[in-house]
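The values are calculated or read from the model by the stated rules, or taken from the named source; none is laboratory data. As the structure is a computational prediction, the values presented were derived from the model and not from experiment. Here Cβ is always computed from backbone atoms with ideal geometry, including for glycine, and neighbour counts include all displayed protein chains.
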Amino acid sequence: MFGKILFATSASPACDSAARVAFDMARKYGSQITVFHVLGIPGKGDSTRVVDVRTGEEVDADQEYIEGVHEELRTTYAKQLAEFPSAKLEVAVGVPFREVLREARKDDVDLIVLGASTRQEGGYYKRGIVGGTLHKIAKNARCPVLTVDRPAASFWGGFSNVLFATDFSKASDSAFQFAQSVARQVGGEMHILNVLELAKIGQVAALTQEGIEAKLMEARRKIRAVYGQRTEGLPLTVEVWEGTPYVEITKYVREKGIDLVVMAHSTREVDPDERPFGSTMEQVIARATCPVISVNRPDKLPQAEGGEAGA
Amino acid sequence: MAKKILIVDDDASIRDYLTTLFEDNGYAARSAGSGADALKMLEQDAPDLITLDIEMPEMTGPWFSRTVAKGGTYDRIPVIVITGHAGLQYVIPKAVASLTKPFDQAELLRIVRETIGQ
């Protein structure tokens with residue numbers, strides 16, 4: 001499972017939690033890991049001047065500078081790299097999301113691991129991701145994308161309870177395939193959760209409790225109809241909760257001791273840059289106490305090979 | 001009969017410190033250096049409260065907590081998280097408190113008293 005992991009990092013403390021997850025998973029599943037850093041956005045023409053994505057300053061990305069960045073990466077992740085001598089370090093110049101996607105395609109990776117943004121937007125609803133980078137990577141990646149935004153969302157030793165949160169979108173189907181594949185591979189339990197977003201189905205005050213409960217029952221039936229057959233042999237829990245999706249998902253993770261959330265980065269949602277409080281997935285990433293994987297395509301399912309890694 | 005506390009921490013000095021602290025304050029304390037040992041000790045004699053480290057080799061605190069929760073039998077035992085890492089205070093669902101090392105022993109004892117009494 002997860003034969004190749006691409007850990008895309010800004011090499012800042014904001015990515016420390018993601019680094020832990022990436023290397024812990026590589027150890028557990030015997031993965032080849034690449035530490036990947038995008039240096040900056042190039043200036044005009046053939047110039048080697050780039051705008052460093054971390055500092056916003058314009059620097060001269062000549063060979064010496066790039067080697068310096070390599071060295072900085074080696075120092076930042078010295079402890080982890082000591083355990084993974086075969087780990088690769090790669091540096092690229094360009095627009096971050098494009099370079100990450102390019103590297104992932106080039107190496108045909110099985111999982112991209114991302115850390116949070118170095119820029120913290122103000123307010124209670126923290127936008128923990130760099131602009132639309134997560135959105136663009138999650139939407140276009142051919143493999144699953146795992147984003148870690150807080151130390152609490154770490155890989156704690158395995159995936160025994162896998163939560164697939166669905167809105168029944170087409171993209172959700174790929175996420176489901178991935179989630180049930182992981183659950184089967186690890187011999188874990190599968191949870192399927194749909195959240196009835198009450199505000200979307202009419203004024204809450206106009207809904208009777210029987211009306212809500214009818215909708216809940218309908219959704220439970222739909223989950224069984226759409227996914228039930230494909231979970232044969234898997235310990236399965238089906239739940240439908242009403243409320244605000246990211247709140248209910250976060251609560252479910254906490255209450256049920258979920259180790260991994262798998263969601264589609266729904267294409268039905270408004271561009272996260274235009275939403276004041278971020279997408280559902282972004283909010284779940286910011287709040288859940290476990291890693292969150294977004295899957296939009298069925299191309300990469302975890303393989304049966306792999307196991308404990310040696311150093 | 002003294003209330004029983006199970007200390008789960010891979011650091012022997014922390015285990016010794018907490019054992020002494022709790023016993024000096026009228027509790028019966030046992031300790032486990034790993035999540036696996038703690039699970040065995042739960043079976044032998046269920047405590048009234050668990051203090052739990054987060055980052056332990058072999059079995060992390062959250063993994064221990066999930067294993068206990070799955071079993072169903074011991075998931076009602078209150079847990080106090082004692083961790084050296086800021087940012088991990090809330091990783092144990094339903095923990096009653098979380099203290100970061102170095103912690104105030106008076107604060108710890110107050111929380112223990114509030115949770116399981118004297």
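Quick look at the values:
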read-out: Strands (runs of 3 or more DSSP E) contained entirely in segment B:1-90, each with at least 3 residues that are more than 14 Å from chain A (Cβ to nearest Cβ) and surrounded by fewer than 22 Cβ atoms within 10 Å (Cβ to Cβ); value: B:28-32
read-out: Residue in segment A:74-86 that is modelled with pLDDT under 90 and buried (at least 19 other Cβ atoms within 10 Å of the Cβ) present; value: no
read-out: Any chance residue B:116 is surrounded by 17 or more Cβ atoms within 10 Å (Cβ to Cβ), more than 14 Å from chain A (Cβ to nearest Cβ) and either over 10 Å from the mean Cα position of the chain (by Cα) or at positive phi (or both); value: yes
read-out: Residue match in segment A:32-48 (condition: part of a loop (DSSP other than H, G, I, E, B) and either within 25 Å of the chain's Cα centre (by Cα) or buried (at least 18 other Cβ atoms within 10 Å of the Cβ) (or both)); value: yes
read-out: Pair list, Cβ < 8 Å and 6+ apart or interchain, from segment A:152-170 residues that are more than 12 Å from every other protein chain (Cβ to nearest Cβ) to residues that are crowded, with 24+ Cβ neighbours inside 10 Å and assigned to a loop (DSSP other than H, G, I, E, B); value: A:162/A:258; A:162/A:259; A:163/A:258; A:166/A:264; A:167/A:264; A:169/A:264
read-out: Per-region count, segment A:51-75, residues part of a helix (DSSP H, G or I) and over 21 Å from residue A:107 (Cβ atoms); value: 8
read-out: Yes/no for residue A:25 being of a type in the set (A, V, I, L, M, F, W, C), buried (at least 18 other Cβ atoms within 10 Å of the Cβ), in a loop (DSSP other than H, G, I, E, B) and out of contact with any strand residue (DSSP E or B) (no Cβ under 6 Å at 6 or more places or on another chain); value: no
read-out: Filtered residues of segment A:257-296 (kept if modelled with pLDDT of 85 or more, more than 14 Å from every other protein chain (Cβ to nearest Cβ) and in a loop (DSSP other than H, G, I, E, B)); value: A:264, A:295
read-out: Pairs where the first residue, in segment A:217-233, is closer than 18 Å to residue A:184 by Cα and the second is among the basic types (Lys, Arg) and at pLDDT 90 or above, C-beta under 9 Å, 6+ apart; value: A:233/A:184
read-out: Hits in segment A:131-142 (condition: surrounded by 24 or more Cβ atoms within 10 Å (Cβ to Cβ) and part of a loop (DSSP other than H, G, I, E, B)); value: A:141
read-out: Test result for residue A:244, hydroxyl-bearing (Ser, Thr, Tyr), farther than 21 Å from residue A:138 by Cβ and either within 21 Å of the chain's Cα centre (by Cα) or at pLDDT 70 or above (or both); value: no
read-out: Residue in segment A:193-212 that is under 25 Å from residue B:67 (Cα atoms) and modelled with pLDDT of 95 or more present; value: yes
read-out: Subset of segment B:84-94 (residues that are out of contact with any Lys or Arg (no Cβ under 7 Å at 6 or more places or on another chain) and either under 16 Å from residue A:250 (Cβ atoms) or polar (S, T, N, Q) (or both)); value: B:89, B:90, B:91, B:92, B:94
read-out: Members of segment B:91-107 that are in contact with a strand residue (DSSP E or B) (Cβ under 9 Å, 6 or more places away or on another chain), in a loop (DSSP other than H, G, I, E, B) and either buried (at least 19 other Cβ atoms within 10 Å of the Cβ) or not basic (Lys, Arg) (or both); value: B:91, B:92, B:95, B:96, B:103
